[in-house]
Amino acid sequence: MPDATVLPDTTTTDGALLVLAIVLPAAGVLLSFVLGGRHVERIAFVLLPSGLVLALVIFADVWRSGHRLIYIVGDWKPPLGIALRADGLSAAMMATMAIVICAVAVFAHADFGTRAGSVETRTPFAFWILLMAIWGAMNIVFLGGDLFTLYVALELLTFAAVPLVCLDGRAETLQAALRYLLFALLGSILYLVGTALLYGSYATLDIVLLSRRVHMEPATVIAATLMTVGLFAKTALFPVHLWLPPAHAGAPAAASAVLSAVVVKGSFFLVVRLWFDVMPGMLGPAGAQLFGALGAAAIIFGSVVALRQQRLKLLIAYSTVAQIGYLFLMFPLAFDTVSAQLQSGSALTGGMLQAISHATAKAAMFMAAGLIYAALGHDRIAELGGIARALPMTMFAFALGGVSLIGLPPSGGFLAKWLLLEAAVATGQWWWAMVMLAGGLFTSGYMFIVLSRALAPAEQPLKLRINVPRYQEAAALALALTSLLLGLAALGPVDVFEVGRLDAMMVMPR
Amino acid sequence: MNAATLFGVCGATLVGFGLYGLVTNPEPLRKILAFNLLGSGVFLVFGVVSKRAAASGLGGDPVPQAMVITAIVVAFAATAMAIALVLRLLQETGRATLSSDDPGGTDTDRGNA
């Protein structure tokens with residue numbers, strides 16, 4: 001579908017929605033500081049659903065009109081001003097993240113709820129503020145139209161994510177948070193050097209303008225390399241994944257779900273923006289294969305280590321390392337050898353669907369693991385016997401999440417891997433297909449280990465330490481079902497990813 | 001060698017020192033200091049970029065200056081957060097280290113602080 005808004009950028013009719021998507025979370029955070037800890041949960045419960053409605057409206061708008069939504073801040077046009085743009089990718093990711101964050105909020109009500117008349121404590125206050133901050137930062141990541149705004153969004157995301165890791169204040173989570181922060185800071189400073197070099201060469205950081213001016217020269221190559229390495233460190237792509245497992249496994253369940261499902265997708269989204277939108281012709285065949293090789297190494301390494309874990313939360317965290325690998329397989333598969341640039345097509349759609357289905361499935365799995373931990377007082381996989389009988393709904397949610405990770409139909413993971421496999425066959429790159437199939441096998445392996453233990457009868461009658469609230473189980477199950485039914489998107493909005501992409505393609509010099 | 005080149009070389013050197021320190025030093029506090037050194041180098045590079053675009057009669061391109069102010073604020077906030085984490089880690093365990101083979105919590109009683 002051709003995009004009418006080729007040149008120049010102007011604010012579209014519903015462009016103000018994009019501003020609202022950024023202002024709402026910011027207002028929520030500020031209001032929370034003003035009103036204090038006893039009201040912060042109520043603020044979140046008003047704002048998060050409105051954010052979900054807003055994201056769905058933007059998604060429907062982009063999908064139906066087939067055009068990007070654009071808002072020029074203060075009517076100052078780029079290169080001097082800042083543009084907010086919602087294309088198909090951003091609209092779809094925004095909607096997904098809003099769904100996940102709302103489900104996490106429902107789940108977190110049990111752990112971080114502030115009941116009327118209760119004493120104000122710091123942990124719930126911090127949690128709700130950080131949750132809203134992550135939501136806002138993700139929206140800026142998805143909508144930001146220039147690389148420096150995206151840098152600020154990336155930092156906001158880090159500053160909101162790191163304290164979530166150490167909410168409980170135990171020594172090992174503090175250590176994990178510090179390690180995460182150092183990795184993230186190194187990543188963002190490398191990204192910042194890249195923006196400086198790009199600005200020095202092309203005098204703009206606006207994505208659309210930059211994509212027209214950018215060409216192969218040493219400064220650009222160095223800038224792109226530094227930015228990519230920085231973003232890899234933040235996305236925890238193998239071999240810079242070391243911070244992820246302790247950070248994600250040590251955090252409270254609701255926080256783990258946000259970190260694994262939402263936060264790593266932010267920096268991944270920037271990698272996609274950088275290479276598909278800003279410089280699709282710069283990656284080159286070798287670069288694309290290198291991205292794919294790192295992704296493949298992540299899949300194999302993450303899966304093998306996940307198989308050997310004794311604790312459930314660590315297993316899920318290593319599974320995240322592996323699933324992130326799939327996201328990077330789309331780069332070699334989207335590489336078109338004729339035009340020597342990254343093409344949007346089934347590979348890009350598959351990669352983004354993988355991000356979306358992983359977000360929903362992994363959030364559900366971390367929530368389920370959190371409930372199991374709360375009920376048993378431990379999460380040692382070998383001693384899970386009987387839990388499936390005690391918490392059937394939770395285990396069902398966990399298993400459905402696994403179904404999506406493995407890629408069984410009709411899950412979102414199935415559609416994503418199907419599209420990636422199709423692209424692998426179409427471009428004759430059978431080795432990536434092998435990696436994907438091996439990854440699926442490994443994933444079934446570690447899911448089988450957990451499920452067989454959980455479905456086994458208990459050695460002695462299980463005594464659950466707490467009564468798991470039904471709504472927490474329902475939140476996990478709802479996300480798992482979303483992930484399962486995402487495969488049906490093939491019947492509907494799967495072409496939304498193409499919205500707003502043609503514009504950038506046409507103006508790229510061959 | 002004109003001023004822009006000189007500042008560029010200085011920025012690159014600082015980045016190099018900072019990167020080396022960040023990667024090789026095991027001490028969290030030294031890592032944070034190295035990060036600041038690295039940041040200063042990057043800010044200098046921004047200055048060079050601003051100066052290089054100064055042909056049109058202005059003393060310097062204001063856009064990189066605006067960006068570097070933002071970046072300095074961000075780096076300051078990051079440093080504050082990292083220091084807070086290190087301090088809290090010190091309070092909890094009596095030592096601030098990142099080595100994973102000794103997760104700290106077990107050493108609380110010995111407390112060599």
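Quick look at the values:
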read-out	value
Selection count, the stretch A:47-102, where residues are free of Cβ contacts under 8 Å to residues at least 24 places away in the same chain and touching a strand residue (DSSP E or B) at 6+ places or on another chain (Cβ under 8 Å)	1
Matching entry among B:78, B:12, B:34 (being at pLDDT 90 or above and either touching a strand residue (DSSP E or B) at 6+ places or on another chain (Cβ under 7 Å) or more than 24 Å from residue A:246 (Cα to Cα) (or both))	B:12
Filter pass, residue A:53 being within 23 Å of residue A:361 (Cα to Cα) and either outside any strand (DSSP E or B) or over 19 Å from the mean Cα position of the chain (by Cα) (or both)	yes
Residue ID - farthest from the other protein chains (Cβ to nearest Cβ), chosen from residues in the stretch A:235-257 that are buried (at least 24 other Cβ atoms within 10 Å of the Cβ) and outside any helix (DSSP H, G or I)	A:237
Residues within the stretch A:328-358 that are under 18 Å from residue A:274 (Cβ atoms), more than 15 Å from the chain's Cα centre (by Cα) and small (Gly, Ala, Ser), tallied	4
Those residues of the stretch A:371-427 which are hydroxyl-bearing (Ser, Thr, Tyr), out of contact with any Phe, Trp or Tyr (no Cβ under 9 Å at 6 or more places or on another chain) and surrounded by fewer than 22 Cβ atoms within 10 Å (Cβ to Cβ), in sequence order	A:373
Condition check for residue A:171: within 11 Å of chain B (Cβ to nearest Cβ) and in contact with a helix residue (DSSP H, G or I) (Cβ under 7 Å, 6 or more places away or on another chain)	yes
Of all residues in the stretch A:200-231 being within 13 Å of chain B (Cβ to nearest Cβ) and under 27 Å from residue B:32 (Cβ atoms), the one that is surrounded by the fewest Cβ atoms within 10 Å (Cβ to Cβ)	A:222
Of all residues in the stretch A:161-186 being buried (at least 24 other Cβ atoms within 10 Å of the Cβ) and small (Gly, Ala, Ser), the one that is farthest from residue A:122 (Cα to Cα)	A:184
The one condition in (1) surrounded by fewer than 14 Cβ atoms within 10 Å (Cβ to Cβ); (2) more than 10 Å from chain A (Cβ to nearest Cβ); (3) within 27 Å of residue B:5 (Cα to Cα) that residue B:30 fails to fulfil	(3)
Test for residue B:93: is it crowded, with 19+ Cβ neighbours inside 10 Å and either polar (S, T, N, Q) or modelled with pLDDT under 85 (or both)	yes
Residue that is buried (at least 24 other Cβ atoms within 10 Å of the Cβ) and not aromatic (Phe, Trp, Tyr), where the choices are A:101, A:140	A:101
Unmet criterion (only one of (1) modelled with pLDDT under 90; (2) farther than 21 Å from residue A:155 by Cβ) for residue A:82	(2)
Residues being more than 8 Å from every other protein chain (Cβ to nearest Cβ) and either out of contact with any Ser or Thr (no Cβ under 6 Å at 6 or more places or on another chain) or not in a helix (DSSP H, G or I) (or both) - total across the stretch A:174-187	4
Verdict on residue A:339 being touching a residue at least 60 places away in the same chain (Cβ under 8 Å) and more than 29 Å from residue A:217 (Cβ to Cβ)	no
Neighbours by Cβ (under 9 Å, 6+ apart or cross-chain): first from the stretch A:284-297, surrounded by fewer than 17 Cβ atoms within 10 Å (Cβ to Cβ); second of a type in the set (Ser, Thr, Tyr)	A:285/A:337
Checking residue A:192 against (1) at the interface with chain B (Cβ under 10 Å from one of its Cβ atoms); (2) in contact (Cβ under 8 Å) with a residue 24 or more places away in the chain; (3) over 23 Å from residue B:19 (Cα atoms), the condition it does not meet	(3)
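The values are calculated or read from the model by the stated rules, or taken from the named source; none is laboratory data. Everything quoted here is computed from the prediction, not taken from an experiment. Ideal geometry is used to build each Cβ from the backbone, glycine not excepted, and the neighbour counts take in all protein chains shown.
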